[in-house]
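This report concerns only the one structure given below.
No value in this document is a laboratory result; all are computed from the given coordinates. Since we're looking at a predicted model, the values are computed, not measured. Every residue, glycine as well, gets a Cβ built from its backbone with ideal geometry; the counts of neighbours run over all protein chains shown.
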Amino acid sequence: MTTLRFHAPYMEWAKMRPAARLDLAGSNMCACSIDELPGVREAISFEGHNENGYAPLLEAIAARYGVDGNCVTTAQGASGANFLAFAALLEPGDEVLVETPGYDPLLGAPRLLGAGVNRFEREFARGFGLDPDRVRRAMTPRTRIIIITNPHNPSGVLADPAAIDEIGDIARVNGAYVLVDEVYLDVAAAAAPRGVNVERTFAGRGDPFVCTNSLTKSYGLSGLRCGWILSSAEVAERIRRTRDVVDGTGSIVAERLAVVAFNHLERLVQRSLSLLETNRPLLKSFLESRTDLESAPSGGTVVFPRLKHVADTMEFADRLLRTRDTAVVPGAFFQAPAHVRIGFGGPTETLRKGLAAIGQALDEMSGAV
């Protein structure tokens, strides 16, 4: 079999794995229904102009994040946004610098475009925090983009803004960009404790920051595939011209519906917060009760605990799926094989039963039952 230089093993696994009754492998918020968004049916139309993005959607995104409309580019979800940004900014032979543990499409897409991939570590012992010195040491003369997720995928840990700013300074000095995937950030900012201010985007800092996001993870609207890139106007124009040879334009149906979603975004945020306020204490209680798990605090919709005394959780996750119909993501797909990723943005009863199943499987593995 031919080896694919752009292979994303996690995405293949996520699409091909068996369905689970108790599915904690996803990272989305619980899916939003049509009835939860007034005006959806009236907005459905196959007509409209969206050559460079549907104007009302561009305006809504710009207003939400406090940027100029010329700095907004739409895309097919956050993954599409990331790909368009890479395609616009990378040339064959360039290099990207990507965090590890990390989300594997952020490795595969640059490789597909002929770029080299180097890594810097977000260390579990330091709570998966961003260390600008690690970035500085990993830079090469060919580094064109530094890639960060905030909150971090797979751990859900929020980055220190000062660290991101310092990484921006490193990029600026070296003529590179910083792509910040902020797809989990909206709900993390809304869920921050009282008195803690979490910035909704780093795009307001201008170059070298290029920030991507979508309605997928924070709002339960993954089916819309509404994504966007916030950047300088110059970079945005490059991305638009890149899109001309990728998919041309987005779906006018989806972009019209996305405007309806933006009109009700606060309602959707409250929906997500209500679910997380119920689910997060269940997860916290479970993790604190387990001496065989170690975890860093999550600000997003996923957590990434390490199993003590287990080098690779692949077999554990497979057995959990087979014997208890419960899905988690083995950490090997994020280059951290001793961990598992658990999503807690879904239905509360699914989370409750899924955590119980994980606990039973851990007890069984240790011989406690």
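Side notes on the structure shown:
- Shape category assigned to segment 142-271 from the gyration tensor of Cα positions, a/c cut at 1.5: oblate
- When the charge dipole of the chain is built from unit charges on Cβ atoms (+1 for Lys and Arg, -1 for Asp and Glu) and taken about the Cα centre, the candidate among 310, 296, 62 whose Cα reaches farthest toward its positive end is 310.
- Taking Cα centre as origin and charging only the Cβ of basic (Lys, Arg, +1) and acidic (Asp, Glu, -1) residues, the dipole magnitude of the chain rounds to 540 debye.
- Listed by chain and number, the lysines whose alpha-carbon sits under 21 Å from that of residue 15, ignoring those within fewer than 8 places in the same chain, are 217.
- Prolate/oblate/rounded call for segment 13-97, Cα gyration tensor, a/c under 1.5 rounded: oblate
- As a proxy for reagent exposure, 29, 16, 139, 11 were ordered by neighbouring Cβ count within 10 angstrom, fewest first; the result is 16, 11, 139, 29.
- Whole-number percent relative contact order across segment 39-264, with pairs defined as alpha carbons under 8 Å at least 6 apart: 30
- Comparing Cα centroids, segment 115-180 and segment 53-72 end up 27 angstrom apart.
- Sites excluded, chymotrypsin sites (Phe, Trp or Tyr not before Pro) in DSSP loops with at most 14 other C-beta within 10 Å, longest stretch of the chain: 47-369
- Dipole-positive endmost among 287, 262, 357 within the chain (Cβ charges, Cα centre): 357
- Under 5 Å, built H, 5+ apart or other chain: amide partners of residue 159: 152
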